[in-house]
Amino acid sequence: MNIFTNIIFIQIVAVLTSIYIANTKHIKRIMIATFIFNLFNMFCYYMQDDLMTVYMYILIVVRSFIYVYKEKLDKYSFIPFFFIALQVIVGVVTMQHWYNIFAIIIPCFTIYYMWFYKTTQKLRVGNIIAAGLWFIYNIITGLYIISISRIITIIVNSIALYVHRKDALYEG
């Protein structure tokens, strides 16, 4: 398989994972699927030779794995702040262009909402915002294939937000 085929395959898996994230009603499943989504996106950035974003995604994948166990770790309020600090440090050290600031800010925002948003509807809103920002970053960097999956993420999360709008009345 060539690199283009690999990227298409990875993006298909990422889109399917994104669709699952948008439609599940279980926060733990969202966290597991987010880990998978981030792992596949890390490989895509690696294949595109966007090393700064790969370094950021290594942290994102580690954080995503830890967040799978968030319910057991919720009492450790330092965790999100530790990852935000780590994300900023690694981002600043590896930053190559002005637009890499997106690859620093977006994971920090994601750390915040994945840790502190306690409902699936709020997580969907966070996913829409983060995917929109990644879309902008990917357009600026010329990673158009990855941009397509971000648009799909925005669409499926927006649909799920609408479909599950009544669920928001019953969530905490």
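The values are calculated or read from the model by the stated rules, or taken from the named source; none is laboratory data. Treat the numbers as computed from the prediction; the structure is a model and nothing was measured. Cβ atoms come from the backbone with ideal geometry, glycine included; neighbour counts cover every protein chain shown.
Taking the condition modelled with pLDDT under 85, in a helix (DSSP H, G or I) and small (Gly, Ala, Ser), does ALA85 pass?
Working: modelled with pLDDT under 85: no; in a helix (DSSP H, G or I): yes; small (Gly, Ala, Ser): yes.
Criteria not met by ALA85.
Restricting to the range 49-82, what's the tally of residues that are closer than 20 Å to THR17 by Cβ and in contact with a Ser or Thr (Cβ under 6 Å, 6 or more places away or on another chain)?
1
Filter the range 24-39 for residues that are modelled with pLDDT under 85 and among the charged types (D, E, K, R) and give the result.
LYS25
Of the numbered conditions (1) in contact (Cβ under 8 Å) with a residue 40 or more places away in the chain; (2) under 19 Å from ILE136 (Cβ atoms), ALA22 fails exactly one; give the number of that condition.
(2)
Can you tell me which of ARG124, ARG150 is crowded, with 20+ Cβ neighbours inside 10 Å, part of a helix (DSSP H, G or I), of a type in the set (D, E, K, R) and in contact (Cβ under 8 Å) with a residue 60 or more places away in the chain?
Only one candidate passes the filter, namely ARG124.
Please tell me if PHE116 is within 14 Å of the chain's Cα centre (by Cα) and surrounded by fewer than 19 Cβ atoms within 10 Å (Cβ to Cβ).
No.
Does at least one position in the range 132-144 carry a residue that is at pLDDT below 90, under 13 Å from the mean Cα position of the chain (by Cα) and in a helix (DSSP H, G or I)?
No, the range 132-144 has no match at all.
For the range 18-36: of the residues being polar (S, T, N, Q) and under 11 Å from the mean Cα position of the chain (by Cα), which is farthest from LYS166 (Cα to Cα)?
THR34
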